[in-house]
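Here the structure is laid out as C-alpha cells; the discussion comes afterwards.
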Amino acid sequence: MKTNELVYTGRAVSALYAILKSLNTSVKKILLPVNICEIVYPVIEEAGFIPVFHDVNKITGNADLIDIQNKYSNSETVLLVVHNFGRPVEIELISNWAKKNKVFLIEDVCNSLGATYKGKDIGQWGDAAIFSFGYSKIISNGVGGAALIKNETVKNNFIKIVNSMKFYNEELKEKNEYFQSKLRNIRLSKSLLPLEIYPVLYKEYSKYLIYKLNSNEIRKIKEQFPLLKSNLKRRKIIANRYRTEIKNSKVRHIDEVSGQVYWRYNILFNEDERDNLISKLLNNNILVSKWYPPISNFFVREDKQVNCPGSTEFSKRVINLFVDDSVSDEDASKTINIINKF
C-alpha cells in the first residue's frame, strides 16, 4: 500500500462525498451494492448523486460482475465496488468492464485494508479508492478516512474540497454519539419502522459526517501502518482456527480466496436458527454481528424496492465472528465450543 499517496479525511464517507463532488459529470447516478453500510446513502444524496442498488452473491455477500451488469442501465456514471469482510472481489474483470463503459470506478477498501488481487493491492485497480480507520476497522483509530485518486484533476478538486471542510471536533463527536444512539434504539425496537424514520434522521445526521482530520489524528493513523502486517497475521490465526475447528454441520464456511485478509470471519448458518445462535454467543460475552442487510429497505419506498434475493439470503444466514486483537485464544475456543454444540 502506497500510504504516501493517501489524502486523509475525517471518515470514509467524507472521502466518498469529496470524490463525487470532484467529478465533472452531468449524469449523477452511482451503482453500489444493496448491502453496503447504510451511512453512505445520505452522503451520496448530499453529494447530489442518485444511488442505484445492485444485488450481491448469496454466499460471499460481495458483488460479482454479473450483479453489476444486471443493474447497469447505461446511465450510471460511477460505480462503488465494495471489497467487504476482507475479501477482494474480482476487481480486474470489474475494472475492465468499467473502463469499457466509461464508468468512474471507486473501490471501497474500508473493511479490507491490506488485501490483494493477483498480487496487486486492492484500491489500486480503480480510478479512486476510499479507506476507513474508524471504530473496529483493521486500522482502528476511532476516527479517520482517506482516499487514493489517480486522475490529477479529480485529485486536485478533491484536495480543495477537503481543505474547505471543518476539522473533527468535540461537537462532531457528540453528534455522532447522539445519532448512533438513536439508530441503536431503532434497530432494537420491534415497533419502530426504519423506513418511516431513517430518511429524516439520516438527512440530519449527514450534516455531521463531512469533515477533515487535524495533523495529530493523521499522524496516529500513519503510525499504525508499519504494524499492519502483524495485525493481519493475528487476524488470520484466529480465522484459521474458526475455519478448521468449527465443525457444526449447520455451518457453511465461505471459501478463502487468494489475497484475502480478515476483518471478520464469516460463516453462514441455518436461517431459522441463526438469531438464536447469535443470542447465545452474545449472552456468553462473545462479540458477533450480522451485517449487512439490504439498505434499500431503510430508505426506499416499498413500491420502489430493489429485487435483491442474493443479499436477502446472505443477510438472513450470515454470522460475523470477530478476529481482531480483542479476541483472545480463550475467546476463540469458547466461540468454537458454543457453535459446535449448538
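Every number here is computed from the coordinates shown, using simple stated rules; none is lab data. Quantities reported herein were computed from a predicted structural model and do not represent experimental measurements. When we count neighbours, we look across all protein chains shown, and the Cβ atoms used for this are built from the backbone with ideal geometry, even at glycine.
Could you list the trypsin sites (Lys or Arg not before Pro) in region 93-143 that lie in coil according to DSSP, counting only those with at most 14 other Cβ atoms within 10 Å of their Cβ?
Lys102, Lys118
Between Lys120 and Asp255, how high is the FRET efficiency from 1/(1 + (r/R0)^6) when r is the Cβ-Cβ distance and R₀ = 30 Å? Nearest 0.05.
Numbers: r = 21 Å, r/R0 = 0.70.
According to the calculation, E is roughly 0.90.
From the residues Ile106, Phe53, Ile138, which one has its Cα farthest along the dipole of region 3-163 in the positive direction, the dipole being from +1 and -1 charges on Cβ of Lys/Arg and Asp/Glu about the Cα centre?
Ile106
What value, in deg cm²/dmol to 500, does the helix sum -39500 (n - 2.57) over DSSP H runs of n ≥ 4 give at 222 nm once divided by the residues of the chain?
-12500 deg cm²/dmol
For Phe167, Phe158, Phe299, what ranking results if the residue with the fewest other Cβ atoms within 10 Å of its Cβ goes first?
Values: Phe167 11, Phe158 23, Phe299 18.
If I rank by nearby Cβ atoms, fewest first, I get Phe167, Phe299, Phe158.
Does region 3-163 come out rounded, prolate or oblate by the C-alpha gyration tensor, with a ≥ b ≥ c the root eigenvalues, rounded set by a/c under 1.5 and, if not, prolate when a/b is larger than b/c and oblate if not?
Values: a/c = 1.37, a/b = 1.09, b/c = 1.26.
Since a/c stays below 1.5, the shape of region 3-163 is classed as rounded.
Between Ser164 and Leu227, what length comes free when the chain is fully extended (0.36 nm per residue of separation minus the Cα-Cα distance, one decimal in nm)? Intermediate results must be reported in sequence, preceding the final value.
Working: separation 63, 0.36 × 63 = 22.68 nm, distance 3.16 nm.
Length gained between Ser164 and Leu227: 19.5 nm.
The list [x] 20.6; [y] 23.3; [z] 21.9 gives values of Kirkwood radius over Cα pairs in Å, and only one came from this structure; which label was calculated from it?
Read-out taken from this structure: [x].
What distance in nm separates the simple spin-label points at Leu193 and Arg301, each placed 7 Å from Cα in the Cβ direction?
For Leu193 paired with Arg301, the spin-label model returns 1.3 nm.
In a Gaussian network model over the chain where Cα atoms closer than 10 Å are linked, find which of Asn214, Asn231, Asn284 has the largest mean-square fluctuation.
Looking only at Asn214, Asn231, Asn284, the biggest GNM fluctuation is shown by Asn284.
What is the spin-label model distance, in nm, from Asn276 to Lys2 if the labels are put 7 Å beyond Cα along the C-beta direction?
Going by the 7 Å Cα→Cβ label model, 5.4 nm.
Taking 0.36 nm per residue of separation and subtracting the Cα-Cα distance, what length does fully extending Asn96 through Asn185 add? Intermediate values should be presented prior to the final figure.
Values: separation 89, 0.36 × 89 = 32.04 nm, distance 4.27 nm.
Additional length available on full extension: 27.8 nm.
Of Glu245, Glu217, how do they rank once you tally other Cβ atoms within 10 Å and put the fewest first? Display every interim value, and only then the final one.
Details: Glu245 14, Glu217 19.
Ordered from fewest to most neighbouring Cβ atoms within 10 Å, Glu245, Glu217 come out as Glu245, Glu217.
By the gyration tensor of its Cα atoms, with a ≥ b ≥ c the square roots of the eigenvalues, what is the shape of region 1-63: rounded for a/c under 1.5, prolate for a/b over b/c, or oblate?
Working: a/c = 1.94, a/b = 1.20, b/c = 1.62.
Judged from the Cα gyration tensor, region 1-63 comes out oblate (a/c at least 1.5, b/c at or above a/b).
Can you sort Tyr202, Tyr17 by how many other beta carbons sit within 10 Å, fewest first? Show your work: numbers first, answer last.
On the way: Tyr202 21, Tyr17 27.
Placing the least packed residue first, the sequence is Tyr202, Tyr17.
Would you mind checking Lys182/Lys212; Lys120/Lys173; Lys71/Lys118; Lys71/Lys236; Lys155/Lys233 for any pair whose Cα atoms are more than 31 angstrom apart? Could you put the intermediate results ahead of the total?
Working: Lys182/Lys212 24 Å; Lys120/Lys173 36 Å; Lys71/Lys118 27 Å; Lys71/Lys236 34 Å; Lys155/Lys233 33 Å.
Lys120/Lys173; Lys71/Lys236; Lys155/Lys233, as the Cα separations exceed 31 Å there.
Report the gain in length on full extension from Ser328 to Asn283: 0.36 nm times residue separation, minus Cα-Cα distance, nm rounded to one decimal.
Details: separation 45, 0.36 × 45 = 16.20 nm, distance 1.73 nm.
Working it through step by step, the gained length comes to 14.5 nm.
Please give me, ordered by residue number, the trypsin sites (Lys or Arg not before Pro) of region 148-244 that lie in loop per DSSP and have at most 11 other Cβ atoms within 10 Å. All intermediate terms of the calculation are to be shown ahead of the outcome.
On the way: sites: Lys150, Lys155, Lys160, Lys166, Lys173, Lys175, Lys182, Arg184, Arg187, Lys190, Lys203, Lys207, Lys212, Arg219, Lys220, Lys222, Lys229, Lys233, Arg234, Arg235, Lys236, Arg241, Arg243; in loops: Lys150, Lys166, Lys190.
Passing both the DSSP loop test and the Cβ count: Lys190.
How far apart, in nm, are the 7 Å Cα→Cβ label points at Ile50 and Gln69?
Here the answer is 2.5 nm between the modelled labels.
Run through the DSSP bridge list for the chain and note the antiparallel percent, rounded to the nearest 5. Intermediate values should be presented prior to the final figure.
Numbers: 19 of 36 bridges.
For the chain, the DSSP antiparallel bridge percentage is about 55.
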